[in-house]
Amino acid sequence: MQLRISIALFLLVQIAFSAEPPRVVGIPLADAGRGLIRVSESEIRCYSGKGATHFLQSLDNGLTWEKNALPSSYPDATCMAKEAPSITRNPITGEFLRVEPKYTGTNQMDGLYISQGGLDGEWKLVSGPDGNGLKPGGILRTPIWVDGGKRIVLPGHGGGCWTWYSDDQGLSWQRSNKINSPPHEIGGVHRGTRWNHGMVEATIVELKNGKLWLIARTAQDQHYESYSEDFGETWSEAKPSRFYGTITMPTFHRLTDGRLLFFWSNTTSLPEVEREKKRGGEDVFTNRDALHAAISEDDGETWIGFRELVLDEHRNDADYAVTPGSNDRGKHQCEAVQLDENRVLFSTGQHPLHRKLMILDVRWLYEKERSSDLAKDGTADWSTHQYIDKIVGHCGYNRTPGAQIEDGALRLRRVDESALTNPNQGAVWNFPAGASGSVVMKIQLEDENSIARICLTDRWFNPTDKTVPQFAPYSLELGSELMNPGSIHKVEMIWSIGKPLVLKIDGEKQNDSLPPIQGSNGNGTSYLHFYNPAELTDRAGFSIYFVSATVH
């Protein structure tokens, strides 16, 4: 009885509390995904990669950061400058294990290191049977301790995923079976194939039932998942997970109270186009502009949130793909440490201009409402960009801002510009996920021939993706037969997944309710996708003044 009351009080607090949105507190020295480590109750560090002379240190639990020189005892990283090693505390000994992203070359002093006397003490190289540094193969992520600290499990990949595991605190290692996802193929909306790298960049968590749960990046529209019942020695056949994400890195993080966080880019790339030549098998990345998080209170059975933690501040830049240099960029990588009962510090992003250290109050994921007054708020919380149709830099498109604020509203047109991948403008806006709820919009058609396409979706699609109605649980088009051009109308969409949509315009229910599209992944609805579907140049378009969402 006491437990039920406690849970009820906890949920009431989440509803009543208005948490601060995620905020930036620093800039990592290397790409996100590795190098972040809690040292003590107040100290957190963020390390860099090959050739580094400094690390970042926070002595106030992540609020402020200083750059400090690395001690002479710290061995130089060996992989690459833009990627830091993983440094993890051993829960049994209190010392630290350091793992490079990848071991290359024949340097005998390259390999796994274990600290002796803490991070600033000496570091001992783990030697293999030949006396040289031990180098587990593949590209490696952060290890975890499982089975009460008896075993270390280290995710690795290379044309598929596997795990290395150690039962002697890292002194020797064995490898599991390999699991993989099927290759991306031409078909449906795709006229070309993606970079087919198989399952990579796995994240692993130990569930309360003793199983290990692995989720990995793939070339499909969804991350794939697998389970191990023997603490990482063998893995089940990989299958699509409930989480959407294409060629982006997922990350689990277990909170001390048992709740489970999942960080990922809940995004879908533009449909693949036929190309005469691809570089290194890669094409172009069009879905790395947002990072999301969800939280589970029942060990992953159900999830709350599906909220954008950050939108890339460079998403509209004309030189997005080339300034400076040609490295990967975007917000898709992540690593986290817990700060207190409800807050975590996380790193995100690739490329020096795109990296961020941010603080998330997880109570923010529990909110049930969000709104945007375009005249007041602008497009800070919106994705509106369009792409220049030329691959430049490293697998990138340069951009234009797309739809922008005019006369207090966001105006969506079809522009007359042949250099764009698509001249039709769109706009994308996120709200907390819900299996049921309502969205209210104030919209104006600017011309009698203008049409406003509105989709309720379960993930971020590109603003200019014309195929969204094929995947959205709900989609409709509003024209002059329902709205008077030149007048602002209040449009309300009321949904409950699996049931027909209810549409109201200026408070009046419309007779033509829309049936749901089958195949929802069970995550509810968390996005509005607006699009101008004009087939010819439409300089008038339609305007969005206000949107709000309430979910149940």
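The values are calculated or read from the model by the stated rules, or taken from the named source; none is laboratory data. As the structure is a computational prediction, the values presented were derived from the model and not from experiment. All Cβ positions, glycine included, derive from the backbone under ideal geometry; neighbour counts span all protein chains shown.
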Have a look at Asp289, Asp312, Asp298, Asp317 and point out the one that is over 14 Å from Arg459 (Cα atoms), crowded, with 22+ Cβ neighbours inside 10 Å and charged (D, E, K, R).
Asp312
Among (1) out of contact with any Phe, Trp or Tyr (no Cβ under 8 Å at 6 or more places or on another chain); (2) surrounded by fewer than 19 Cβ atoms within 10 Å (Cβ to Cβ); (3) within 20 Å of Ser86 (Cα to Cα), where does Val189 come up short?
(3)
If you go through the range 107-115 one residue at a time, do you hit one that is over 29 Å from Pro352 (Cβ atoms) and either at pLDDT 95 or above or not basic (Lys, Arg) (or both)?
yes
Checking His529 against (1) part of a loop (DSSP other than H, G, I, E, B); (2) surrounded by 17 or more Cβ atoms within 10 Å (Cβ to Cβ); (3) in contact (Cβ under 8 Å) with a residue 60 or more places away in the chain; (4) under 28 Å from the mean Cα position of the chain (by Cα), the condition it does not meet
(1)
Among residues belonging to the range 1-46 that are aliphatic (A, V, I, L, M) and part of a loop (DSSP other than H, G, I, E, B), point out the one that is modelled with the lowest pLDDT.
Met1
So is Ala216 touching a residue at least 12 places away in the same chain (Cβ under 8 Å), buried (at least 16 other Cβ atoms within 10 Å of the Cβ), among the small types (Gly, Ala, Ser) and assigned to a loop (DSSP other than H, G, I, E, B) or not?
no
Identify, please: which residue in the range 371-418 is part of a strand (DSSP E or B) and polar (S, T, N, Q) and is, among those, surrounded by the most Cβ atoms within 10 Å (Cβ to Cβ)?
Ser383
Restricting to the range 422-440, and then to whatever is of a type in the set (A, V, I, L, M) and assigned to a strand (DSSP E or B), can you tell me which residue is surrounded by the most Cβ atoms within 10 Å (Cβ to Cβ)?
Val428
Of the conditions (1) among the charged types (D, E, K, R); (2) in contact (Cβ under 8 Å) with a residue 12 or more places away in the chain; (3) on the phi < 0 side of the Ramachandran plot, Glu481 clears all except one; give me its number.
(2)
First in the range 441-458 and part of a strand (DSSP E or B), second anywhere and among the charged types (D, E, K, R), Cβ under 8 Å, 6 or more apart:
Met441/Lys490; Met441/Glu492; Lys442/Lys490; Ala452/Glu477; Arg453/Glu477; Ile454/Glu477
Residue among Asn462, Asn484, Asn511 that alone is polar (S, T, N, Q) and closer than 22 Å to Phe243 by Cβ
Asn462
Can you name the residue in the range 451-475 that is among the aliphatic types (A, V, I, L, M) and touching an Asp or Glu at 6+ places or on another chain (Cβ under 9 Å) and, of all such residues, is surrounded by the fewest Cβ atoms within 10 Å (Cβ to Cβ)?
Ile451
